[in-house]
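The values are calculated or read from the model by the stated rules, or taken from the named source; none is laboratory data. Keep in mind that this is a model prediction, so the values were computed, not measured. For neighbour counting, all protein chains shown are included, and Cβ atoms are generated from backbone atoms with ideal geometry for every residue, glycine included. Heads up: the accessible areas ignore ligands, DNA and RNA and are worked out on the full protein's heavy atoms, side chains in. Shrake-Rupley method; radii C 1.70, N 1.55, O 1.52, S 1.80 Å.
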Amino acid sequence: MISVFLGPPGSGKGTQAKRLSAEKKTPQLSTGDMLRSAIAAGSALGRSAQEFMSRGALVPDEVVIGLIRERTDQGDCAGGFILDGFPRTIPQAEALDALLWERHRKIDSAILFQIDDSVLVSRLTGRRTCLKCGAMYHIESMPPRQVDVCDQCGSELIQREDDREDVILKRLSVYHHQTSPLVEYYSKQGILSPVDASASPAVVFESVSQKLGFGRSA
Ligand code: AMP
């Protein structure tokens with residue numbers, strides 16, 4: 001099954017994609033994680049992406065399309081995958097449809113994480129991320145066992161540069177202008193399923209699992 005997780009920054013799509021990926025043994029393809037790895041590795045791609053990311057802008061379409069093209073050709077994607085944070089523009093969605101079509105594949109469902117902007121700002125300013133394994137926490141609603149230490153791998157947790165309030169507001173505006181047209185794009189294809197992303201992570205997980213046809217999780 002190929003699924004797209006669509007929603008504003010902080011709507012929980014990354015958290016849900018990671019959990020589903022682990023439980024259903026399906027790769028999670030996060031362009032944000034791929035770009036942060038490129039930055040951490042100090043590659044030329046990372047250096048050019050950082051300039052866009054630190055100000056909350058989108059990285060150019062051809063860069064992320066190239067990453068997804070390469071990643072989806074890897075063997076572990078043969079049985080399906082979850083796209084988390086890609087596509088984010090209509091040209092990216094069209095490029096994705098075209099590359100899947102070339103491979104005689106298609107997107108099965110697009111999950112829309114619906115939530116108000118007002119909730120997102122507090123969610124994102126309190127977010128802490130593990131740079132090593134990508135695990136995410138919230139200082140109030142999902143704190144790590146030890147302050148600023150990842151429960152999963154013991155690495156230091158950081159506040160992402162783009163989780164500062166001024167950058168968050170820019171990212172939300174980018175979402176409304178450049179990404180939200182995808183709601184109509186996938187709705188027209190008849191594959192869009194909205195979920196209420198303001199509910200608790202456990203409740204959202206149940207809704208997403210049901211929409212994807214996995215039924216209740218154990
Ligand atoms: P995320 O971790 O998904 O919130 O992404 C963090 C940042 O990476 C975004 O604010 C963009 O600057 C960049 N990014 C991630 N995915 C994409 C994409 N599909 N298109 C363009 N930029 C992206």
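Screening Ser198, Ser187, Ser193 for residues that are away from the ligand (no atom under 14 Å from the Cβ), in a helix (DSSP H, G or I) and under 28 Å from Lys24 (Cα atoms) leaves exactly one candidate, Ser187. Condition (residue is modelled with pLDDT under 95, in contact with a helix residue (DSSP H, G or I) (Cβ under 8 Å, 6 or more places away or on another chain) and surrounded by 22 or more Cβ atoms within 10 Å (Cβ to Cβ)) applied to the stretch 98-120: is it met by at least one residue? Yes, the stretch 98-120 contains a residue that is modelled with pLDDT under 95, in contact with a helix residue (DSSP H, G or I) (Cβ under 8 Å, 6 or more places away or on another chain) and surrounded by 22 or more Cβ atoms within 10 Å (Cβ to Cβ). For the structure I just gave you, tell me whether Gln178 is within 16 Å of the ligand (Cβ to nearest atom), more than 16 Å from Gly14 (Cβ to Cβ) and either over 17 Å from the mean Cα position of the chain (by Cα) or in a helix (DSSP H, G or I) (or both). When the stated conditions are applied, Gln178 passes them.
Does Ile90 satisfy the criteria of being more than 16 Å from the chain's Cα centre (by Cα), among the β-branched types (Val, Ile, Thr), at pLDDT 95 or above and closer than 22 Å to Leu172 by Cα? Taking the combined requirement at face value, the residue satisfies it.
Which of the residues that make up the stretch 12-36 are small (Gly, Ala, Ser), within 11 Å of the ligand (Cβ to nearest atom) and touching a helix residue (DSSP H, G or I) at 6+ places or on another chain (Cβ under 7 Å)?
Here is the first cut: in the stretch 12-36, the ones small (Gly, Ala, Ser) are 12, 14, 17, 21-22, 30, 32.
When the remaining residues are screened for being within 11 Å of the ligand (Cβ to nearest atom), the result is 14, 17, 30, 32.
The one that is small (Gly, Ala, Ser), within 11 Å of the ligand (Cβ to nearest atom) and touching a helix residue (DSSP H, G or I) at 6+ places or on another chain (Cβ under 7 Å): Ser30.
Residues that are assigned to a loop (DSSP other than H, G, I, E, B) and touching a helix residue (DSSP H, G or I) at 6+ places or on another chain (Cβ under 6 Å): does the stretch 123-135 have at least one? Yes, the stretch 123-135 has at least one match. Close Cβ contacts (under 7 Å, 6 or more residues apart or on different chains) running from residues in the stretch 37-66 that are within 23 Å of Ile158 (Cβ to Cβ) and within 10 Å of the ligand (Cβ to nearest atom) to residues that are among the aromatic types (Phe, Trp, Tyr) and open to solvent by less than 40 Å² (accessible area, probe 1.4 Å) comprise Val64/Phe86.
Can you confirm whether the stretch 146-164 contains a residue that is in contact with a Leu (Cβ under 9 Å, 6 or more places away or on another chain), closer than 16 Å to Lys13 by Cα, not in a loop (DSSP other than H, G, I, E, B) and not polar (S, T, N, Q)? Checking the stretch 146-164: at least one residue is in contact with a Leu (Cβ under 9 Å, 6 or more places away or on another chain), closer than 16 Å to Lys13 by Cα, not in a loop (DSSP other than H, G, I, E, B) and not polar (S, T, N, Q).
A Cβ distance below 8 Å, combined with a sequence gap of six or more or placement on separate chains, defines the contacts here; from the stretch 85-113, residues that are within 28 Å of Val204 (Cα to Cα) reach residues that are open to solvent by less than 70 Å² (accessible area, probe 1.4 Å) and among the charged types (D, E, K, R) in the pairs Gly85/Lys13; Thr89/Asp61; Gln92/Asp61; Lys106/Asp97; Ile107/Asp97; Ile111/Lys13; Phe113/Lys13.
Residue-level check: of (1) modelled with pLDDT of 95 or more; (2) small (Gly, Ala, Ser); (3) more than 20 Å from the chain's Cα centre (by Cα); (4) within 19 Å of Phe5 (Cβ to Cβ), Gly154 misses just (4).
Helices (runs of 4 or more DSSP H) fully within the stretch 1-87 that include at least 3 residues being at pLDDT below 95: 13-24, 31-41, 44-53.
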